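Structure first, then comments.
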Amino acid sequence: MPIATFDGLHLHYEESGDPDGAPIVFANSLGTDMRLWDAILPLLPAGLRIIRYDKRGHGLSDCPPMPYSMGMLITDAERLMDRLDVRDSLFVGLSIGGMIAQGLSVKRPDLIRAVVLSNTAAKIGTPEIWKDRIDTLKIDGIEALADAVMERWFSAEFRATDEIVKWRHLLCRTPRDGYGGCSAAISGTDFYASTATLRLPALGIAGSEDGSTPPDLMRETMDLIPGSDFALIRGAGHLPCVEKPEEYAGILSDFIRRTGHV
């Protein structure tokens, strides 16, 4: 189990694919871990060096006490990529992972040559909304949020299947400080001005049934980046790589090839 340690923080990551291939880095959403990408990885082009990791407070990484800042999460990704000697990567971030992708692309353009912003935005929600969620979390635990989160994450069709159970369990097993810490990081983030400075190949992926970052919000964010592309996956919610893995992988693979990453 690979672990990278930075100033006492242990960050869990995994590498697969071709160690000499072009690097592609995946950052997952709030309340999930690196398994978010399991279904799409076998469908991507051969020859990639695939790197994914559990952000702080999630999966097998350490969980410091809440709150966290977006700067901390960006620095974690930056340090991991430096440790692994990654440059000129394609960085794929979903939800909070997409916010990390935006911030890191601005901070360290040498690390990222192309970016995929999936089901995310330059600003997600309001401080008041996130404060209410954090307060509920502190008092009643993450279980009290789970049903509403599942409705935002998945289409009604997917919620009617047995698959929903494992994603609800994954959410509910997220440490309270991890979920609350990352919620605080999202609450304090507004990347409209900085994301508008980006000049790199960029793809936005949205789900038509996304209750967290609706397609119009995603389009607004992608419009900040000149020349960016946008893809809508119909019938999917906030985690289209789970609901529609073949379609998601097809869109991502096309972008990989068009940007010359293989």
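The values are calculated or read from the model by the stated rules, or taken from the named source; none is laboratory data. Model, not experiment: these values are computed from the prediction. Neighbour counts run over all protein chains shown; Cβ positions are idealised from the backbone, glycine included.
Summary of values
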{"item": "Qualifying residues in the stretch 1-50 (those that are among the hydroxyl-bearing types (Ser, Thr, Tyr) and surrounded by 15 or more Cβ atoms within 10 Å (Cβ to Cβ)) - the one farthest from the chain's Cα centre (by Cα)", "result": "13"}
{"item": "Answer from 4, 22 - the residue that is modelled with pLDDT of 95 or more and within 20 Å of residue 248 (Cβ to Cβ)", "result": "22"}
{"item": "Considering residues of the stretch 77-93 that are in contact with a strand residue (DSSP E or B) (Cβ under 6 Å, 6 or more places away or on another chain) and not in a loop (DSSP other than H, G, I, E, B) only, the residue farthest from residue 20 (Cα to Cα)", "result": "93"}
{"item": "Number of positions in the stretch 1-40 that are touching a strand residue (DSSP E or B) at 6+ places or on another chain (Cβ under 7 Å), without any contact (Cβ under 8 Å) to a residue 40 or more places away in the chain and within 24 Å of residue 243 (Cα to Cα)", "result": "4"}
{"item": "Subset of the stretch 152-174 (residues that are touching a Gly at 6+ places or on another chain (Cβ under 6 Å) and surrounded by fewer than 24 Cβ atoms within 10 Å (Cβ to Cβ))", "result": "152, 155, 171, 174"}
